[in-house]
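Each remark here refers to the structure printed beneath this line.
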Amino acid sequence: MNIDSEAVPTYRPRHPVAYLTHPGAEGVGVVGRVTGPLAWLPGARLTRRLSLPPVTTDTLRSEDNPERPAGWIIAVPVTPAELKAGTPRARQAIGRAIGQAQKLGAQTVGLGGLTALATARGLALRGVDEIGLTTGDAFAAALVFQSVVRLLAHCPATTRVAIVGAACGIGRCVTALLARRTEQPLLLISRHAGALREMQQHLGHGRTDVSTDLGGVPSCGLVVLLSRAAADLRAGHLGRNAVVLDETRPRVTRPTLLLDRPDVQVVDGGLCCARGIRRHAGAHAGHERLPMALAEALLLGLAGHTGHYTLGEPTVEQAEAMLHLSARFTPLGFTPEAPHSFGERISLNGRFERHQEQRAEAPRQRWPVTGVAGVA
């Protein structure tokens, strides 16, 4: 579904939403709540043998309207292995959870945890008409873009940006947003040469270079990692004083990179601030972080949007709309969390002060590119 940012229905009454996840994801430990006296059985064994009902584990409220629920978190009691495989049993359990969301009053459901993977990024559920579904990928692209812009504010004006994983759905959106809204030269990296050529033709050769390997990364001051193929990245691929934004899950960078390269900065990605969204009535409103699918569902609910949103690959129009909505509802959050590096708070104004003592003691070395790595 393509929606222009100016056409986002922010004038419609808001509605509550639901977020689906699975036991063990996002800190949701629900098997005990589901099974009661049977909770002593191993969770994976139990969920494989029994057809368990979905469980509502949390109620969400927004700070600007705490009297009414903003949404609910619903756990799908299926093992991660079944969700990854997209088994019929897993999809049936997801269907039951969607039904529970409807009974609670939700009009939009965010497919979180592994539920998006189990349903082919939601495409297997596009025939569902009773409730809107979304995967969160459009908001994820918008959040990456906001994080990149924040980092660029602390980089030289001519900084070249490398996007590793540019041909994936989120990568395409991030690239398009950067091309539309910044003046930075871009290096797009992916194994999919055909997709890269298509993107380059659309964006223009003068502004954008493409590559199927990491050989050009040393010329980039900011490196954005969006795919697991970035695991091939080594210290020798990074230019002096490079900044790395790691958006991969599970992440591909390790703290040892900062010891090998004291000049390099690594910033954690995928952290969405939710200062105005809280779990339960008494929870503190300033310490929640939102998964992407939940953030996108909440924004759609706040805007009163009905129907499906991001199913399959996200579009740049959807990402633009998420930027529009996150700006409108900034008092509640929906912006990148304060910058962190490997879980520790850092200061951008202080030129990333993390590990300052270790870096001062680390020997200075020259790091030639050690080889051309492949990229997915």
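Just so it is clear, none of the values below were taken in a lab; they were calculated from the coordinates. The structure presented is a predicted model; accordingly, all values stated were derived computationally and were not measured. Ideal geometry is used to build each Cβ from the backbone, glycine not excepted, and the neighbour counts take in all protein chains shown.
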Approximate shape of the stretch 139-271 as ellipsoid semi-axes (Cα gyration tensor, √5λ), whole Å, largest first: 21, 15, 15
Residue-span extension gain [R345 to R89] - 0.36 nm each, minus C-alpha spacing: 88.0 nm
Under-5 Å amide H pairs with V210, H placed in peptide plane, nonlocal only: L188
Pair R228, R254: separation of 7 Å Cα→Cβ label points (nm): 1.7
Cβ-Cβ FRET estimate between A153 and S51, R0 fixed at 45 Å, reported to 0.05: 0.30
Sequence-distant residues sharing a close amide H with W72 (under 5 Å, placed H): V17, A18, Y19, L60
Inter-label distance, nm, simple model (7 Å from Cα along the C-beta direction), R328/D213: 4.8
Inter-label distance, nm, simple model (7 Å from Cα along the C-beta direction), E313/R197: 1.6
Amide H contacts of V266 (H built 1.01 Å from N, under 5 Å, at least 5 apart or other chain): V244
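Could you give the length gained by full extension between T306 and N241, i.e. 0.36 nm per residue of separation minus their alpha carbon distance, to one decimal place? Before the final figure, lay out each step's value.
Values: separation 65, 0.36 × 65 = 23.40 nm, distance 4.57 nm.
Result for the pair: 18.8 nm of gain on full extension.
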Theoretical gain in end-to-end length, D64 to D263 [0.36 nm per residue, Cα-Cα removed]: 67.3 nm
